[in-house]
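Since the structure comes first, as structure tokens, the remarks are kept for the end.
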Ligand SMILES: Nc1ncnc2c1ncn2[C@@H]1O[C@H](COP(=O)(O)OP(=O)(O)OP(=O)(O)O)[C@@H](O)[C@H]1O
Ligand SMILES: [Mg+2]
């Protein structure tokens, strides 16, 4: 059975594309057939693939399919037959494509830093997941802390956990908290590192860079392991 993982957050610039390409490339490195579905109108994964073809040299092939419109769900389901792992980069706004991708997914990964500007949007994602679960009750959801402070990553992760104790709807606190809907904040995370931006620029995973940033590498391996565990239930 293939795994469908959607990386989504209505907030922009939180690390969705970085997470999507690293997950897909780790899956390929692990011997799986993996593909990225890019439903973001910015087409950042498509651009990553172009960079990879032009600059990255002798690296594994990466398939990236741009999909938009009403048939996204259907197309993802059809593709799932051909791949072990499908990673959807669902872009930085609530869209038809984001909802359709989540409807067909096993897991949604929500990257966020500990900054209020980003954590303030988590209740909207929880509300969206609640809606989607009416039709896809098995949808799992985890929060992936990204771009944490190098010397404050534990405290930053705790800030995200605390933010998840907030009600989804501040006017109706009895309606449940973000953590009721998304109970897991992954232990795996990224710290703010130039290595991630540099790898995107070269169309590579941080594992494929030479020289490698060993801390970025170990973060990506930790994320891949925890995300796959969550996706497999
Ligand atoms: N851990 C990190 N440390 C430093 N920079 C990072 C890290 N993760 C991602 N970045 C950089 O932050 C920027 C935003 O990341 P990314 O493009 O993955 O976010 P996004 O959520 O996909 O954004 P958008 O909403 O625009 O699609 C990029 O320049 C990326 O290289
Ligand atoms: Mg993006």
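Nothing in this text is a laboratory measurement; each read-out follows from the coordinates by a stated rule. As the structure is a computational prediction, the values presented were derived from the model and not from experiment. Neighbour counts run over all protein chains shown; Cβ positions are idealised from the backbone, glycine included.
Inspect all residues belonging to segment 48-68 and state whether any of them is surrounded by fewer than 24 Cβ atoms within 10 Å (Cβ to Cβ), within 18 Å of the chain's Cα centre (by Cα) and within 11 Å of ligand 1 (Cβ to nearest atom). Within segment 48-68 (the criterion being surrounded by fewer than 24 Cβ atoms within 10 Å (Cβ to Cβ), within 18 Å of the chain's Cα centre (by Cα) and within 11 Å of ligand 1 (Cβ to nearest atom)), the answer is no, since none of the residues qualifies.
For segment 115-197, which helices (runs of 4 or more DSSP H) that fit wholly inside it have 1 or more residues that are crowded, with 18+ Cβ neighbours inside 10 Å, away from ligand 1 (no atom under 16 Å from the Cβ) and free of Cβ contacts under 8 Å to residues at least 40 places away in the same chain?
Ranges flagged: 122-133, 178-181.
Of the residues making up segment 89-106, those that are within 12 Å of ligand 1 (Cβ to nearest atom) and either surrounded by 24 or more Cβ atoms within 10 Å (Cβ to Cβ) or without any contact (Cβ under 8 Å) to a residue 40 or more places away in the chain (or both) are 89, 90, 91, 98.
Could you check, for segment 62-72, whether at least one of its residues is within 13 Å of ligand 2 (Cβ to nearest atom) and over 19 Å from residue 210 (Cα atoms)?
Filtering segment 62-72 down to residues within 13 Å of ligand 2 (Cβ to nearest atom) leaves 64, 66.
After this cut, where a residue has to be over 19 Å from residue 210 (Cα atoms) as well, the list is 64, 66.
Scanning segment 62-72 turns up at least one residue that is within 13 Å of ligand 2 (Cβ to nearest atom) and over 19 Å from residue 210 (Cα atoms).
Looking at segment 26-36, is at least one residue at negative phi and near ligand 2 (Cβ under 10 Å from one of its atoms)? No, there is no match, as no residue in segment 26-36 is at negative phi and near ligand 2 (Cβ under 10 Å from one of its atoms).
Within segment 200-233, being more than 17 Å from the chain's Cα centre (by Cα) and either within 16 Å of ligand 2 (Cβ to nearest atom) or closer than 23 Å to residue 8 by Cβ (or both) holds for 201, 203. The residue list 28, 76, 36 contains one member that is away from ligand 1 (no atom under 14 Å from the Cβ) and crowded, with 22+ Cβ neighbours inside 10 Å, which is 76.
For segment 1-13, the set of residues classified as surrounded by fewer than 24 Cβ atoms within 10 Å (Cβ to Cβ) and under 23 Å from residue 192 (Cβ atoms) consists of 10, 11, 12, 13, listed by residue number. If you go through segment 178-190 one residue at a time, do you hit one that is within 16 Å of ligand 2 (Cβ to nearest atom) and in contact with a helix residue (DSSP H, G or I) (Cβ under 7 Å, 6 or more places away or on another chain)? Taking every residue of segment 178-190 in turn, at least one turns out to be within 16 Å of ligand 2 (Cβ to nearest atom) and in contact with a helix residue (DSSP H, G or I) (Cβ under 7 Å, 6 or more places away or on another chain).
Which ones in segment 45-60 are without any contact (Cβ under 8 Å) to a residue 12 or more places away in the chain and away from ligand 2 (no atom under 16 Å from the Cβ)? Within segment 45-60, 57, 58 qualify. Look at residue 18 and say whether it is in contact with a helix residue (DSSP H, G or I) (Cβ under 7 Å, 6 or more places away or on another chain), over 16 Å from residue 111 (Cα atoms) and within 15 Å of ligand 1 (Cβ to nearest atom). Taking the combined requirement at face value, the residue does not satisfy it.
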